[in-house]
Amino acid sequence: MSKPGNRKKFLLGGLAGLVLGFSLMIVLNSLYVKSSTNESCMMCHAHPDSDASWKQSVHYNNASGTMTECAACHLPPKGSVDHFVAKAKTGMKDVWSYITKDIEKIDWESKSQLEYAVGIVYNESCEHCHVNLFPEGITDDGVTAHLYYEDNVEKLDLQCISCHLDAGHYNPDYKHEQLTSIPVQADRQVYAEAARVTEFRNYTETVPGTTAAISMVAIPGGTFVMGSPENEPFRRSDESPQRKVTVSPFFMGEMEVTWDQFWAFYAETMSEGRTPPEVVYANNLRDDVDAISGPTPPFGYPDQGWGMGDRPVITMTHYSAETFCQWLSKKTGRHYRLPTEAEWEYAARGGTTTPYFFEGSPRKYSSRGFWRGLWRGLFGVDTTVINSYVIYAENSRSRTQEPSEVRANPFGLKNMLGNVMEYCSDWYAEDAYSLLQDGAVDPQGPETGTEYVVRGGLYTDDAADLRCAARGHTEHDAWLKTDPQNPKSIWWYSDVKGIGFRVVCDVPEGVRTN
C-alpha cells in the first residue's frame, strides 16, 4: 500500500508534467503559427520580386478582398500529416539554402517556370480553397476547361497551375487567352520573289509576299557511322547497332525556324476562313498555296513570354511543322521538308566522330548522378567550350535563347544540340538501327509508327542527353494533356515548350553538287 506522501509526489509530478506539456505545446504552436506567416517565409525567401508580384496577383488583388498567404499554396492543406511533413522538409531545405547559397547568383527567372512550380505548389491546396470550379461569371472556355479537369484530373495527373501559373505571382508576360493579333516586326522588307539557286552554295531564301528570310546552308553529301559506340558515356540501347550510312547533298536551315518566319506562315494560312486540312487532302489541293490551311490561333503567347523574333518557334505539332514546309515549298517553288534522322545526325556531327561536334567528354560536362553533381558543386568544371556551342540546363535560365548566343558547328549550323528538340520526318522505333542495312543510302526510317523522332535535346537537358547520337521521340498524348478541346488541337501542343524544327531543301534539278 503506497504512502500518502508518495501519492502526493506522484500527483504533483503529474501536474508538473501536464503544465510542462501544455507549455511546450503552446510554444511549439506559437512557433508553428509564426513560421507559417508571410513575413517568416520571406525571411529566407529573398526573391526580389516575390512580394510585389504576389500583391499584383489575383490571390491578393481581387474583387472579393480575400488574401491567400504563402503557406496556403506552397504547403498541403492544414491538419494533414502531409502538411507537417512538407513543412519540415521545406523548412530545412530553405534554411540550408539561405545559409549556403549566394542569393545574388540564384536564377530567379527559372524558378517562375512551370517545370519548377509543379514541385512547390500543391494541387490539393488549390482544390481546398477553390471548392466551386464553376463560379458566377466564368466564361464558356473556363467551363469547358474545368469540366475537362474534373473528368481527367486523376487519370492524367492534371495540375491547376498548368493553366493558372500567374495566379499566385503576377507575370505580365503570361497570357491565358486566345491570341487575337499576329506579332509582326514593322519596317521589314517584303520580298517580291524567292531566291535564285543556281549553284550548290549557301543562300538566303526570301519568301515572296512576306518579310521572312531563311538562311540555308549547303550540306555536302557523304558517308558516316550513325549511332554511338558501346563505350560512349550515357549511350542508350536505341543508338545501336552502329550503321554506315550515306546521305546525298542537301540544304539545311542554319538555325531552327524562328517566330518571325513562322508568323509569316501563320498570317497567310491561319485556319479561320481557310480550307480545312481534310478537304485539302481529299480534293488534292496541296499544290494550291491558298488552299493550305495553317494553324488556328493559340491560347496566350506560345513563346511563354520569353521573346519572339529570332528565337526558335516552339509548341507547334509535327503536323504544323510539316504544313509549314508545304507552304514554304509552294511559295518558293523548291521542295522544303523536315530532315530525315540520318540527315539530321550527319549534319549535327559536321564530319566529326566524337560524342559532340566539339571537344570534351559527356562525363566531364554532365551533372547526372549524385556524386558527379556533388563534385561539380564543390570543385566546379570548366564548361567554357560546351557553353559556347549549346543552350542547355547549365546556361539556359530555363528558356530558349537566340541563335546569336552560340557558335556554329563545322558545317555552319547553329543550335543543332540544345535549345529545342527538332522534329525529323522519320517514325520512331527503338530498334530502327537493327532494321537498317549497313551501307544504306538516304534511309528514311520505319514505314509506320505512332511517334516521330526528335533530335538534339532542349534547353533543360543535361549534357548527357545532348550527344550527337542521342535519340528522342514525340509524346503526342502527354504533350496534349491539358488541352481541353474536343477534338484536341492538331496545330499546337499544350504541355511541351522545348520542341521546334528546322527545314531541309532538296537540291533543285540542274544544280551541280560537285
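The values are calculated or read from the model by the stated rules, or taken from the named source; none is laboratory data. Worth saying up front: this structure is predicted, and the values here are computed from it rather than measured. Cβ: placed from backbone, ideal geometry, glycine included. Neighbour counts: every protein chain shown. These area figures cover heavy atoms from the full protein model, side chains too; ligands, DNA and RNA do not enter into them. Shrake-Rupley method; radii C 1.70, N 1.55, O 1.52, S 1.80 Å.
Which count do you get for residues in region 120-141 that are assigned to a loop (DSSP other than H, G, I, E, B) and either touching a strand residue (DSSP E or B) at 6+ places or on another chain (Cβ under 6 Å) or closer than 16 Å to A71 by Cβ (or both)?
So in region 120-141, the residues assigned to a loop (DSSP other than H, G, I, E, B) come out as 120-122, 130-139.
Adding the requirement that they be either touching a strand residue (DSSP E or B) at 6+ places or on another chain (Cβ under 6 Å) or closer than 16 Å to A71 by Cβ (or both) leaves 120-122.
Number of matching residues: 3.
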*Every residue from region 40-70 that is in contact (Cβ under 8 Å) with a residue 40 or more places away in the chain, among the small types (G, A, S) and in contact with a helix residue (DSSP H, G or I) (Cβ under 9 Å, 6 or more places away or on another chain)*: A46, S50, S53
*Restricting the search to region 213-232, which residues are assigned to a loop (DSSP other than H, G, I, E, B) and open to solvent by 20 Å² or more (accessible area, probe 1.4 Å)?*
P220, G221, P229, E230, N231
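Go over the candidates S110, S57, S40, S50 one by one and state the one that is farther than 30 Å from T460 by Cα and open to solvent by less than 40 Å² (accessible area, probe 1.4 Å). Steps first, answer last, please.
Details: S110 fails: farther than 30 Å from T460 by Cα; S57 fails: farther than 30 Å from T460 by Cα; S50 fails: farther than 30 Å from T460 by Cα.
None of the other options fit; the residue is S40.
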_So D310 ticks every box in (1) open to solvent by less than 30 Å² (accessible area, probe 1.4 Å); (2) assigned to a loop (DSSP other than H, G, I, E, B); (3) closer than 19 Å to I499 by Cβ but one. Which box is left unticked?_
(1)
_Scan region 450-468 and tell me whether some residue there is open to solvent by 60 Å² or more (accessible area, probe 1.4 Å), not hydroxyl-bearing (S, T, Y) and not in a strand (DSSP E or B)._
no
*Within region 485-499, can you find the residues that are farther than 17 Å from E451 by Cβ and open to solvent by less than 40 Å² (accessible area, probe 1.4 Å)?*
S489, W491, W492, K497
_Residue that is modelled with the highest pLDDT [pool: residues in region 88-102 that are open to solvent by 60 Å² or more (accessible area, probe 1.4 Å) and part of a helix (DSSP H, G or I)]_ = K89
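Of the residues D82, D151, which single one is modelled with pLDDT of 85 or more and surrounded by 13 or more Cβ atoms within 10 Å (Cβ to Cβ)?
On the way: D151 fails: surrounded by 13 or more Cβ atoms within 10 Å (Cβ to Cβ).
Of D82, D151, the one residue that is modelled with pLDDT of 85 or more and surrounded by 13 or more Cβ atoms within 10 Å (Cβ to Cβ) is D82.
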*Just for region 380-397: of the residues that are among the aliphatic types (A, V, I, L, M) and not in a loop (DSSP other than H, G, I, E, B), which one is surrounded by the fewest Cβ atoms within 10 Å (Cβ to Cβ)?*
V385
*Pairs, please: C-beta under 6 Å, at least 6 apart or cross-chain, first residue at pLDDT 95 or above and in region 178-203, second open to solvent by less than 90 Å² (accessible area, probe 1.4 Å) and aliphatic (A, V, I, L, M)?*
F200/A218; F200/V511; R201/A218; N202/V217; N202/A218; Y203/A195; Y203/V197; Y203/M216
*Pairs, please: C-beta under 8 Å, at least 6 apart or cross-chain, first residue touching a residue at least 40 places away in the same chain (Cβ under 8 Å) and in a strand (DSSP E or B) and in region 398-425, second open to solvent by 40 Å² or more (accessible area, probe 1.4 Å) and of a type in the set (S, T, Y)?*
Y423/Y452; C424/Y452; S425/Y452
*Go through the residues of region 233-242 one by one and say whether even a single one is in a loop (DSSP other than H, G, I, E, B), in contact with a helix residue (DSSP H, G or I) (Cβ under 6 Å, 6 or more places away or on another chain), at pLDDT 95 or above and open to solvent by 40 Å² or more (accessible area, probe 1.4 Å).*
yes
*Give the residue that is farthest from Y170 (Cα to Cα), with candidates limited to residues of region 19-70 that are part of a helix (DSSP H, G or I) and modelled with pLDDT of 85 or more.*
C70
*Within region 426-445, can you find the residues that are closer than 29 Å to I391 by Cα and in a strand (DSSP E or B)?*
D426, W427
*asked:* Whether any residue in region 185-200 is over 26 Å from E322 (Cβ atoms), surrounded by 20 or more Cβ atoms within 10 Å (Cβ to Cβ) and small (G, A, S) is what I want to check.
replied: no
*If V225 passes every condition in (1) touching an Asp or Glu at 6+ places or on another chain (Cβ under 9 Å); (2) modelled with pLDDT of 95 or more but one, which one does it miss?*
(1)
*Out of region 55-66, which residues are farther than 15 Å from S125 by Cβ and of a type outside the set (G, A, S)?*
K55, Q56, V58, Y60, N61, N62
*If D477 satisfies every condition in (1) closer than 18 Å to T450 by Cα; (2) open to solvent by less than 50 Å² (accessible area, probe 1.4 Å); (3) not in a loop (DSSP other than H, G, I, E, B) but one, which is the exception?*
(2)
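When residues of region 398-416 are filtered for being out of contact with any Asp or Glu (no Cβ under 9 Å at 6 or more places or on another chain) and farther than 14 Å from I314 by Cβ, how many remain? Break it down stepwise before answering.
Restricting attention to region 398-416, the residues satisfying the condition of being out of contact with any Asp or Glu (no Cβ under 9 Å at 6 or more places or on another chain) are 401, 405-407, 409-411.
Then drop every residue that is not farther than 14 Å from I314 by Cβ, which leaves 405-407, 409-411.
The qualifying residues number 6.
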